[in-house]
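Here's the structure, in structure tokens; my notes come after.
The values are calculated or read from the model by the stated rules, or taken from the named source; none is laboratory data. Predicted model only: the values in this text are computed from it and were never measured. Here the Cβ is made from the backbone with ideal geometry for all residues, glycine too, and neighbour counts use every protein chain on show. These area figures cover heavy atoms from the full protein model, side chains too; ligands, DNA and RNA do not enter into them. Shrake-Rupley method; radii C 1.70, N 1.55, O 1.52, S 1.80 Å.
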Amino acid sequence: MRPVPKAQRDAHHLIPKSRGGVETVILHRLCHRQIHALFTETQLARHYSTVEALKAHPEIAKFVAWVGDKPNHIRANIRRSKEKGHL
């Protein structure tokens, strides 16, 4: 994992605040947006409340691999998944 530039850092609640979560991790803004485009808050709380669980999901793993060799300042359109809410 490479360092995240200060300008691209987002704090991600591993368990959403709406579900009582307080612990956060720093993620690249694009990765953070991708997570919320794919998963509901319920899914995040129940199944993806660790960085390891997030990285193990095939769509997140694919996105991380894609973005891995891009410049830190990359901008990309993130689209909400048609499957959001379906496991």
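Helix 58-67 and the longest principal axis of the C-alpha atoms of the chain enclose an angle of approximately 20°.
Per-peptide packing, taken as the mean over residues of other Cβ atoms within 10 Å, places 36-45, 71-80, 17-26 in the sequence 36-45, 17-26, 71-80 from highest down.
For the chain, the fraction of 1.4 Å probe accessible surface lying on carbon and sulfur atoms is 53 percent.
Overall, the chain carries a charge dipole of about 320 debye about its Cα centre when +1 sits on the Cβ of Lys and Arg and -1 on the Cβ of Asp and Glu, all other atoms neutral.
Taking amide hydrogens as placed 1.01 Å from N in the peptide plane, the amide H of Thr40 sits under 5 Å from those of Gly85, each at least 5 positions away in sequence or on another chain.
A dipole drawn for the chain from +1 and -1 charges on Cβ atoms has a positive end, and of Val4, Gly21, Ala56 the residue lying farthest that way is Val4.
Here the Debye sum runs over all C-alpha atoms of the chain as equal scatterers in vacuum, and log10 of I(q)/I(0) at q = 0.13, 0.14, 0.16 Å⁻¹ comes out as -0.40, -0.46, -0.61.
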